[in-house]
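Quick notes on the structure that follows.
The values are calculated or read from the model by the stated rules, or taken from the named source; none is laboratory data. Treat the numbers as computed from the prediction; the structure is a model and nothing was measured. All Cβ positions, glycine included, derive from the backbone under ideal geometry; neighbour counts span all protein chains shown. Ligands, DNA and RNA are stripped out before the accessible areas are found, and what is left, the full protein with its side chains, is counted by its heavy atoms. Shrake-Rupley method; radii C 1.70, N 1.55, O 1.52, S 1.80 Å.
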Amino acid sequence: METLFTWSDDLSVGIQEIDEQHKELVNLLNRLHDAVVSHHGSTACSEILNQLAEYTRVHFIVEESLMRILHYPEFEQHKAEHEALVAQVVALQQKLAAGQATITFELLHFLKVWLTKHIAGSDRRYAGFFLEKGMSPDWSHQVEQTMQKKWSWKFW
């Protein structure tokens with residue numbers, strides 16, 4: 001697979017679940033890059049972009065939910081960053097569906113830079129805040145253990 005973006009620990013925010021989600025975003029971006037480089041066609045590229053967009057929305061919901069729960073003071077600003085990216089991707093998806101755009105290397109570079117800057121800046125700030133508030137770096141494991149103790153089913 002052709003790689004656009006290599007995950008490194010320099011991008012880690014120190015919260016395992018969030019880091020794993022970020023790694024999946026990097027993986028999907030690399031799959032999209034590989035599809036473009038390998039000339040898999042607009043349908044295949046659009047499908048991967050749709051997967052990337054959907055996973056991004058889910059990831060943003062997780063982050064924003066944690067921000068609300070922990071009363072993160074920069075929540076509104078962070079959410080606005082998320083909304084701006086989602087709006088750009090939705091506009092691109094509409095143009096692709098109408099045959100008015102193609103997935104270019106410039107787009108891939110934009111997504112890589114956006115993700116890198118967002119993780120290194122905005123996400124690191126909330127992660128530091130979360131950890132200061134006492135959140136465990138492996139919080140998803142703690143939630144899972146708690147759910148198993150209280151109920152015989154899980155939310156996810």
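A few notes on this one:
- Heavy-atom surface of the chain, accessible at 1.4 Å and reported per residue (Å²): 57
- Here the mean projected area of the convex hull built on the C-alpha positions of the chain is 10.3 nm².
- Cα centre as origin, Lys/Arg/Asp/Glu Cβ charges: the range 10-64 dipole, Debye: 260
- Within the accessible area of the chain (1.4 Å probe), percent carbon and sulfur: 54
- Along the axis of the charge dipole computed for the chain (Cβ charges of +1 for Lys and Arg, -1 for Asp and Glu, origin at the Cα centre), the listed residues Q16, G99, V58 are led at the positive end by V58.
- Relative to the Cα centre, the charge distribution of the range 1-106, modelled as +1 at Lys and Arg Cβ and -1 at Asp and Glu Cβ, gives a dipole magnitude of about 420 debye.
- Q77-D9 pseudo-label distance in nm [points 7 Å out on the Cα-to-Cβ vector]: 3.0
- Theoretical FRET efficiency, 1/(1+(r/R0)^6), r = Cβ-Cβ of A91 and T116, R0 22 Å, to 0.05: 0.50
- Model label sites at E47 and Q100, defined 7 Å from Cα along the beta-carbon direction, differ in position by 2.6 nm.
- A cut-off of 5 Å between modelled amide H atoms, ignoring neighbours fewer than 5 places along the same chain, links V13 with D19.
- Cα gyration tensor shape of the range 14-97, rounded if a/c is under 1.5, else prolate or oblate by comparing a/b with b/c: oblate
- Between V37 and E20, the contour length at 0.36 nm per residue exceeds the alpha carbon distance by 3.6 nm.
- Helical segments meeting 20 Å axial Cα length and Kyte-Doolittle 0.0 threshold in the chain (DSSP H): 42-69
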